[in-house]
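Structure first, then comments.
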Amino acid sequence: MLISAGAVFAQTQKVTSFFFETDLSVLDEQQKEAFKQFVSELDAKDITSISILGYCDDRGRKGYNDTLSVKRANYIKTLLEEQSIVTDKVKLLSGNGKVDLANPKNITEQRAYNRRVDLVIGYISKNLGTKADILPDTLKVGDKIVLENILFENSRSVLLQESVSVLERITETIKQKKQYNIAILGHICCNPPGRDVKDFETGEYNLSQARAKIIYDYLVYKGVDPKRLTYKGMMANFPLGKGEKADRRVELQITGINK
């Protein structure tokens, strides 16, 4: 059972950063993995623009830093091409040279942060809708409802703003249908079974569980009895065979029916 989407669109952005070691213009293996994870959650058809902005820390000569920051930006563009992201949507690619220290404390951390490329993805934001009755009275224990329009920031357990109104309506329905106990199941794509991926928000490798918990926490905060709810991260153990977008999902599963 799928939640339907409306047909109102707007423009918005996703921004993330990838970090380089000193004097290098290629990512290490950990950052490469983070890049692949981020790109795996992009819906290429919705991308309207890409900006790639390279930076260096405050050490080194100006000319060297300017060149290095451009190399870093071009490297990220090459990685996008390798992941089949159409780079004719790159509207801005720039090397911005060094970033000065903001304060005299935490110099090592500041420099590590400043050795980066910011990737800014402009995309179509849909004004999403939902059917009034997503929990009909005919459901049985074990039935699942896919929340197709509950969307998150790439590689994070943070809801996109356009999903909040959808979740509000889902919450009201769950509060009304007190006969159902519900498990919230988070799924990810593009990984071997039994392995979760990193939540960029916390740094922990539990993204599927973290996304399920965000929904759980929201429902409880809005007044749903926590005794009716559970949550679980399903990792990439249950692909639907309908592509990566379908595998990145949150489901509601009926776990009990109260008489």
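A few points about this structure:
- One residue alone among Ser94, Ser157 is in contact with a helix residue (DSSP H, G or I) (Cβ under 6 Å, 6 or more places away or on another chain) and at negative phi, and that residue is Ser157.
- Of residues in the range 50-86 being part of a strand (DSSP E or B) and not hydrophobic (A, V, I, L, M, F, W, C), the one surrounded by the fewest Cβ atoms within 10 Å (Cβ to Cβ): Ser51
- Residue in the range 212-231 that is touching a Gly at 6+ places or on another chain (Cβ under 7 Å) and either part of a loop (DSSP other than H, G, I, E, B) or not hydrophobic (A, V, I, L, M, F, W, C) (or both) present: no
- Boolean, Val70 is over 30 Å from Ala246 (Cα atoms), modelled with pLDDT of 95 or more and in contact with a Phe, Trp or Tyr (Cβ under 6 Å, 6 or more places away or on another chain): no
- Number of positions in the range 147-161 that are more than 16 Å from Gln209 (Cα to Cα) and surrounded by fewer than 18 Cβ atoms within 10 Å (Cβ to Cβ): 1
- For the range 203-233, the candidate set comprises residues that are within 19 Å of the chain's Cα centre (by Cα) and over 25 Å from Gln161 (Cβ atoms); within that set, the residue that is modelled with the highest pLDDT is Lys232.
- In the range 105-125, the residue that is surrounded by the fewest Cβ atoms within 10 Å (Cβ to Cβ) out of those that are over 18 Å from Lys14 (Cα atoms) and β-branched (Val, Ile, Thr) is Thr108.
- Ile174 being touching a residue at least 40 places away in the same chain (Cβ under 8 Å), assigned to a strand (DSSP E or B) and closer than 25 Å to Gly223 by Cα: no
The values are calculated or read from the model by the stated rules, or taken from the named source; none is laboratory data. Predicted model only: the values in this text are computed from it and were never measured. Positions of Cβ are generated from backbone atoms using ideal geometry, with glycine treated the same way; all protein chains shown enter the neighbour counts.
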